[in-house]
Amino acid sequence: MDPMQGGRPQNDREWKLLEKLLMSVQDENRKQRRWSIIFRALTFIYLFALLFMFLPGRTGVTPPPTGDYTAVVSINGVIADGAEANADAIVTGLRDAFDASGTRAVLLRINSPGGSPVQSNFVYNEIRRLREEYPDIKVYAAITDVGASGAYYIASAADEIYADPASIVGSIGVIMASFGFDEAIDKLGVDRRVMTAGENKALLDPFMPVDETQQKHVQKMLDTIHAQFINAVKAGRGERLDAEAHPEVFSGLFWTGEEALALGLIDGLKSPGQVARDVIGYEEMEDFTARRHPLDEFFKRFGMSVGAGVAESLGVGGSLR
């Protein structure tokens with residue numbers, strides 16, 4: 001006789017076993033739900049703690065020192081719109097540095113190969129303007145690894161420039177690079193189809209042979225920008241740069257810090273700390289570099305687009321000292 005007639009237990013022992021099995025499954029489900037709730041709660045607590053910490057006015061941002069100091073604005077990486085070293089961010093840091101009551105001098109800490117001439121010129125002009133507005137505050141530039149091209153453009157607006165003996169300095173020139181694939185597509189049998197309105201709209205198309213007239217036009221543009229670069233450096237360096245004796249300084253070449261000193265491109269061989277201590281006379285340095293808010297960076301790093309929107313709505317997105 002089947003002890004489980006119709007799929008139902010027939011005695012107390014079978015009922016107890018079934019009940020024990022069901023209770024075990026239920027307990028396991030409760031444990032899983034409990035741990036799931038705990039982990040979710042910890043995640044929300046962590047996120048809200050970050051929100052609270054980085055809200056404006058909270059202790060997450062260290063207040064500036066009360067005494068006198070050297071205000072530092074760093075220029076790191078390629079200078080370009082949308083990059084870390086963009087004109088808006090650099091200018092924001094400069095304005096904050098000049099406006100701070102404890103600032104006795106502004107130090108540009110530079111480690112950049114250059115970049116956009118437009119962004120560099122924006123910063124150059126703002127430094128010159130701020131120097132006129134705050135005549136008692138001098139600007140010094142200290143190049144670490146590299147201060148070339150657009151980065152040197154910016155540095156030339158300072159009262160004095162310093163570098164390490166092994167720093168790379170100079171590269172006063174303008175470049176526009178491309179490739180030519182016109183012969184390659186002919187060999188591959190590729191039919192290039194381009195429609196334009198305007199005879200020069202396809203200027204420098206890499207799949208078309210070089211047009212001499214267009215090439216001259218582009219070269220004229222590059223020469224104009226180069227002349228602007230040269231004039232800015234001459235205005236900034238003055239008689240310290242003997243361009244007649246060393247015309248190669250405007251050729252696009254770059255040099256070590258030691259060689260740059262002999263050419264008049266820099267004023268001395270010192271690190272940023274040495275400039276603050278030995279030249280400016282205020283060893284304590286306060287960083288005024290404008291950076292993206294840490295909370296904004298946190299959401300960006302983890303790909304939390306919704307969180308980035310929350311950061312913006314709370315007013316903690318964008319740049320921060």
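Each value in this text was obtained by applying a stated rule to the coordinates, not by laboratory testing. None of these values were measured; they are calculated from a predicted model. All Cβ positions, glycine included, derive from the backbone under ideal geometry; neighbour counts span all protein chains shown.
Taking other C-beta atoms within 10 Å as the exposure proxy, 284, 183 rank 183, 284 from fewest upward. As a proxy for reagent exposure, ranking 78, 190 by other Cβ atoms within 10 Å from fewest up yields 190, 78. Here the range 202-292 is treated as a Stokes sphere of Kirkwood radius computed over C-alpha pairs; at 20 °C and 1.002 mPa s its diffusion coefficient rounds to 125 µm²/s.
Counting neighbouring beta carbons within 10 Å and listing from fewest to most, the residues 240, 30 come out as 30, 240.
Taking amide H as placed 1.01 Å from N in the peptide plane, residue 79 has its amide H under 5 Å from the amide H of 114, 115, 116, each at least 5 places away in sequence or on another chain. Under 27 Å of direct C-alpha separation, and excluding same-chain neighbours fewer than eight residues apart, residue 220 reaches these lysines: 201, 234.
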